[in-house]
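Structure record follows, encoded as C-alpha cells.
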C-alpha cells in the first residue's frame, strides 16, 4: 500500500451507496482515512468515512489464507445441491463473476432487495409501464406526485438535485410546480421549502394507495364515484387532484417499491402505472421508481443481459430458469430449501445469516456487520473506494464508472469470485 | 502459424472475385499472400466444393443497451421455450426475439456473422450498451450514437449555432460515447413527444425549439460528412409505420441536399394509402428514388411472420404502436433529455392484411433496388424478426419459386395488391456477399473487414452450397474470427472476444465549456463521468478498441 | 391403462419436480421404465424409484401417497386421466393442465392450476396463493377449467384469470380476483381485503359481505340473477359434494367494478348471507 503523507483530493466522485449515484462528491484522503468534503448525504459520509479494519479471511471462525478460503468456498459449492448466490451488494463486474459462478454451481441467484424490485418487475412483465429519468423530471415535470414515499427519507439528495434545480431547460415556472403526497408517514417538509405551490397532502394507509389511484383513474375517465370519503381523504380532494392530473403538461408519479412494504404491493404499483398509461392518451405522464440500492439495479440489469431474466434465476438445470416466486432468495431461506448460502455485501448492508446449520460463504467489506457465523468469510474491497467499477442508477438507464480512491489489501468481489470459479473443478 | 483454406470457391466482391476457386492463407489473424514454398502450413482445410465469403456484417441489429435489456426483462415468456444450456465452452443463456448477450454472440457466429452494429445507442445509456456488447462474445461490435432529439443539440439549432459548433458537438458525442456513427430517430420527434406532440412531419416544427426534422437531418448529415465519419448519417425517418409515410421518405431523400445518408429499416417507411384499406405499397417509388440518388443507402428491416418484439427509440410511434401490442403489454421511457425508448411486443401474422403487405413491401424493396452496394440485409432485429431468420430471408431473395410459394400462403388481398409475383429477380451468391459483407464494411469504413484480400482480418465463413439456401446459410461448415476457428457445422467450437470499432474525429475542445455548463445545470451529471474511457471498453481483457480512421 | 401408486419413501430437502409423472406419459411405459424416470431435484436428478415405492393400483388412477410440500408440479401439462394426491403437496399442482382430474386429499401450495386451460381440480384442504394464476410474463392466467377448494385459499386467487370457475368453500385471502379478465370465483366463507382489485371483467360471488369494498365498485342494488340460478344448478349437478349449491338463493347485491378499468366486472354478494356454511374439509 502506498503511503501518501500529503492529503489527496478527489472530485466528481460517484457515490455507490444508494441508487441515486450522485456523482459530484468531493472527497479528501489523509493517510488511511477518507473525508467527504462536499455534496455527501449522511449515508455517503458514513460509508465513505467508515474505518475498514484489516481483517483476515476465516474458515469456521479461524483465520486462514485467502487461498484456503477460496478453496474451501469452491469445495462447499461443489458439494451443494441447492445453493443461493445472494446479497449481491456489488458492481457490474462483481455481478458478471457471480453469474458465472452461479451457472457453474447450478445455484440460484437473487438480490437481497428483490422483494422490492419485483413489485415493479411483476408489473413490467405483465403490463408494462411508462417511465422517466432524473433529468427529465428535473427539467420538465410540472406536477410531481409522491406515492407512498417522500423521496427524502431514503434518498436525501433527491430534492436538492431534482425538485429544486437552479435551472431548468423548459423554463417551468418554479412557482408553478405542484407537489402532491399520497400515503402514510410522509415527510413533506422539503416540499414546504420548495419554491413551488403549497404541497397537497393526502393521508392514507400505504396499502390504500392502490385504491386511491384506482379512484383517480376512474375519475380521469369521467366515471362517478359514489363514496364521499376514502379513509381520511375526501372525494372532493380526489376530484380536485384529477383536474390537476388532466391539466399537467408533464406529470410524474414517484414511488419507492421498497417503501410500499406490504404483501402484493405490485398490485398497488400497477394502479399507478395504469393511470399513467391512461393519462398519456391526453397528456404526458410518466412514472419514476426510487429503489435498487445496495447494487440492486445493477444486479437486475446484469442478470437480465446475461440470463434474459431480471433476477431470481436458477441454473440448476444448466440453463437460466426463472421463477419470481420459487427462486426468491427470501423464500428459499424461509423454507430451508438450501444447503449452501453464498452472500455478497461489499457496499455496507449488514448481513443476517440464518440460524439453521447450513454452511455460508460470506464476501463482505470489513466494516459490514454480520449477525451469525459464516463458515467461510472473505473480506473484500469496496467498489468506488478500493477499486473502480460500474454501477447502474435507479432509473436503469444511466450508469457510472466508480473511482478508486484508496488501496486496500482486500481484493474486489469479482476477483474473489473468479478465483472461486477457477478453483471449482 | 499458417492456416490454408484450400480449393474453395471464393465470393469476394470488394476485390471483384465472383466464384473463383482460390486458396486463402491466414497468419496471426490476418489474410496473407501465398507464402513461400518453404513456409510451413500448420493446418489445411480442404474446401473443394465449398463456398467462401468473408464473415457477414449486420449493420443494424439491436443487441445491447437499455431498451433491449428492458425487452429481455419484460418478456420471460419469450425466453422460456428457447433455453440454452451451458457447455464446456459456452455459457448458458436464452434465445428467441431478445436473446441474452451471450447467446446472441454465439448464434451470430454460428450463422457466419462476425460483426454486429447496435444502431441506437443513447449517449446517456452508452456505458451500459458497451457493457452488454462486451458480454456479447466472438463478434466485433460497434454502435451509432443517437442524436437529434437531445435538448443540447436542439438548443444549438434553435440558437442557429454555426455548423462548426455542431460538428464539434457531434465529434464530442462520438468520442465520449465510443461510437462508430451517428443515428437519428424520428428527428426531433422523440423530443416533441415529451411536449405531447403526436406527429412531426419533415417540415413540422418541434413545438418548443421551433426546429423541423428537415433542419435536423441536414445539420447532422453535414456534420457527419464534414467530420469524415465514414458511415453516413443513419436515419430512422419521420412517421415510422404510418400509412402514407412514403411521401416523407421521398421528401427526406430529396431534402438532404445530396449529402450521403443511410435510411434504415426503410420497409417501415414505404407505405402508401391506396386501396380499400388505405394501406398500400410504396416500394416501387422508394426503390426508384433510391436508385436515382447515389448518395442514399438503405437497409430493409424485413418483417417475417411470427412473434417478436419491437424496441425503438421512437417513443412517438411506439406509443401509437402499443394499441397493437401482442401480448398486450408495452413500455415507454423518456430518457434524460437525450431521447427515449419504447418496447412493444408484436406478432406478425401472415393472414393479416397489413402484416402480409409489410412482408411483401420489404421483398419488393430488396428486388427493386438495383445496386446491392447500397442496400443491406436486415430485419431491424428484433423489430421485423429475430436475426436468426436471416437464412430464411436469404432464401426468399435467392429462390423465386420458394418466394412465390410463400406468397401464395399469405393474406390474399395483400398478395394480390403486391407486385411481388411479377418480380423475377433472384439474388446471386455474389450479390448476397455484397449486401451482407462488402457493402456494409465499405459503408462503415471498415477497410480490413468484409473482404478476403491480403491484409484483411481473417473473418471468414465457409458454406456448403445447397439448393436450399436457408440450409446453406443457416449452418456454415466453418467460421473463422480473426483467424481462429470459432464455429463448425453451425456450432460454436471456440469462444473469443470481439473488438469494438470506434472513431476519433477531431474537434475543438472548447465545446466542453458549454457542455460542462449544460450538464451541471440541466443533466446534473458531471461531464467527466459521462465520458466513457478507453479502459472501460478493454476492461477485464474481454474487449478491445479498434479505432477506425475518419476519411478526410 | 393400469393405475399406479407412488408412495414417497424419502424426506425431500429440496423441491422435487414430479411433472414427468402424468397419466398420458406413464400409460405407454413399463414399470421398469417408470422407475428410471429422472426427476429434477436441486441441481441434480433423482430416479423415481429412489424417491418412491411403486406399485400397481386396482383402478386406473395415478396416486401419490405420503406427499409433502416439497413435491411440485404434479399433473403439469396433463390432459387426461386421474391423479389422486394424499397428504400435503407443494406448488404448481396442475400447472398448464389441459384436461383430466386431480384430487388433493390434503393441503396444496401456491400457483395451483396456474395457466390451466381445461380439467378439474378438487382440494379437500387448503391452498396457497395465486390459485388459477398466470405464468411469468403471460397476460392471462387460467383460461378454463374448474377448481374447487373445500378449505381456505390464500391471496390473489384468480389473479389475471381469463375463464373458468374457482370455488372456495372456505375463506379466501386478500386481493381475491385481482386483475381478473373474466371467469367466475365463488367464495362461500369470508373474503379478505381488496376483493376484485383492478379486475377488468368476470364475476366474484361472495357469500359474506367483506369488510370493505373499494370505492371503484359501484353499488347496483339487489338483484335476482337468473344466470346464477343456472350456474348453481349446473354446479350442484356435478355431484353430491356440491349439494350445498342447491340451497343457495340467486339473490345478490351487485357491485360493478373496477371502475378504473371500465367497470365490467362484478362482485355479487349473496342475499341472505348463508350462515350455515362453514369452512371445513370434506372427503371426496
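Read-outs throughout are calculated quantities, based only on the coordinates presented, and are distinct from any laboratory measurement. Model, not experiment: these values are computed from the prediction. Neighbour counts run over all protein chains shown; Cβ positions are idealised from the backbone, glycine included.
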Task: Ranked by how many other beta carbons lie within 10 Å on average, peptides C:237-246, B:470-479, B:309-318 from highest - done: B:309-318, B:470-479, C:237-246
Open item on the list: Distance between the C-alpha centers of the stretch B:290-368 and the stretch B:445-464? Whole Å please.
Closed with: 31 Å
Open item on the list: Under the rule a/c < 1.5 gives rounded, and otherwise a/b versus b/c splits prolate from oblate, where does chain B land using the Cα gyration tensor?
Closed with: oblate
TODO: Using Cα centres only, tell me the gap between the stretch A:58-99 and the stretch C:77-124 in whole Å.
DONE: 39 Å
Open item on the list: Between residue B:370 and residue C:163, what's the calculated FRET efficiency when r is the beta-carbon distance and R0 is 60 Å? Round to 0.05.
Closed with: 0.65
- [ ] First measure r as the distance between the Cβ atoms of residue C:30 and residue B:85, then evaluate 1/(1 + (r/R0)^6) with R0 = 45 Å and state the FRET efficiency to the nearest 0.05.
- [x] 0.95
- [ ] Just need the relative contact order of the stretch C:119-185 here, percent rounded to a whole number, with Cα pairs under 8 Å and 6+ apart.
- [x] 31 percent
Open item on the list: How shielded is A:207-214 by partner chains, expressed as the average number of their Cβ atoms within 10 Å of its Cβ atoms?
Closed with: 5
Task: Rel. contact order, % - alpha carbon contacts under 8 angstrom, at least six apart, the stretch B:293-364 - done: 37 percent
Open item on the list: As a test of the definition: which semi-axes, in Å, follow for chain A when you take the square root of five times each eigenvalue of its alpha carbon gyration tensor? Largest first, please.
Closed with: 41, 26, 16
Open item on the list: Per-residue Cβ counts within 10 Å, from other chains only, averaged over B:335-341: what number is that?
Closed with: 6
Open item on the list: What's the ranking of A:64-70, B:190-196 by average number of surrounding C-beta atoms within 10 Å, highest first?
Closed with: B:190-196, A:64-70
Open item on the list: Using only Cα atoms and rounding to the nearest 10 degrees, what angle (0 to 90) does helix A:413-423 make with the longest principal axis of chain A?
Closed with: 50 degrees
Task: Candidates A:221, A:36, A:212: whichever shows maximal mean-square fluctuation once chain A is modelled as a Gaussian network with Cα springs under 10 Å - done: A:221
Open item on the list: Run lengths n ≥ 4 of DSSP H only: what is the helix-derived mean residue ellipticity at 222 nm for chain B, with -39500 (n - 2.57) per run over all residues, to the nearest 500?
Closed with: -8500 deg cm²/dmol
- [ ] Give the angle, between 0 and 90 degrees and rounded to the nearest 10, that separates the Cα long axis of helix C:226-236 from the longest principal axis of the Cα atoms of chain C.
- [x] 30 degrees
TODO: Ignore the peptide's own chain and count Cβ atoms of other chains within 10 Å of each Cβ in B:128-140; give me the average, rounded.
DONE: 3
Task: Rounded if a/c under 1.5, otherwise prolate or oblate - chain C, Cα gyration tensor axes - done: prolate
Task: Label-point separation in nm, residue B:416 to residue C:53, each point 7 Å along Cα→Cβ - done: 7.2 nm
- [ ] Report, as a whole number in µm² per second, the diffusion coefficient that Stokes-Einstein gives for the stretch C:206-251 at 10 °C and 1.306 mPa s using the Kirkwood radius over alpha carbon pairs.
- [x] 129 µm²/s
Open item on the list: With the crude spin-label approximation of a point 7 Å out along Cα→Cβ, what separation in nm comes out for residue B:201 versus residue C:45?
Closed with: 6.4 nm
- [ ] May I ask you to order A:138-146, A:332-340, B:433-441 by the average number of other C-beta atoms within 10 Å around their residues, highest value first?
- [x] B:433-441, A:138-146, A:332-340
- [ ] Return the distance in nm (one decimal) between the two label points of a simple spin-label model at residue C:60 and residue C:209, each offset 7 Å from Cα along Cα→Cβ.
- [x] 4.9 nm
- [ ] Apply 1/(1 + (r/R0)^6) to the Cβ-Cβ distance of residue C:219 and residue A:352, taking R0 = 35 Å, and write down the FRET efficiency to the nearest 0.05.
- [x] 0.15
- [ ] Please label the shape of the protein assembly as shown as rounded, prolate or oblate, based on the square roots a ≥ b ≥ c of the eigenvalues of the alpha-carbon gyration tensor (a/c under 1.5 means rounded; beyond that, a/b larger than b/c means prolate, else oblate).
- [x] rounded
Task: Over chain B, relative contact order from alpha-carbon pairs under 8 Å, at least 6 apart, % - done: 20 percent
Open item on the list: Show me the three semi-axes of the equivalent ellipsoid for the stretch B:413-552, from the C-alpha gyration tensor (sqrt of 5 times each eigenvalue), largest first, rounded to whole Å.
Closed with: 40, 24, 16
TODO: Please determine, in degrees from 0 to 90 and to the nearest 10, the orientation of helix A:66-79 with respect to the longest principal axis defined by the Cα atoms of chain A, where the helix direction is its Cα long axis.
DONE: 70 degrees
Task: Rounded Å value of the spacing that divides the Cα centres of the stretch B:513-542 and the stretch B:187-227 - done: 25 Å
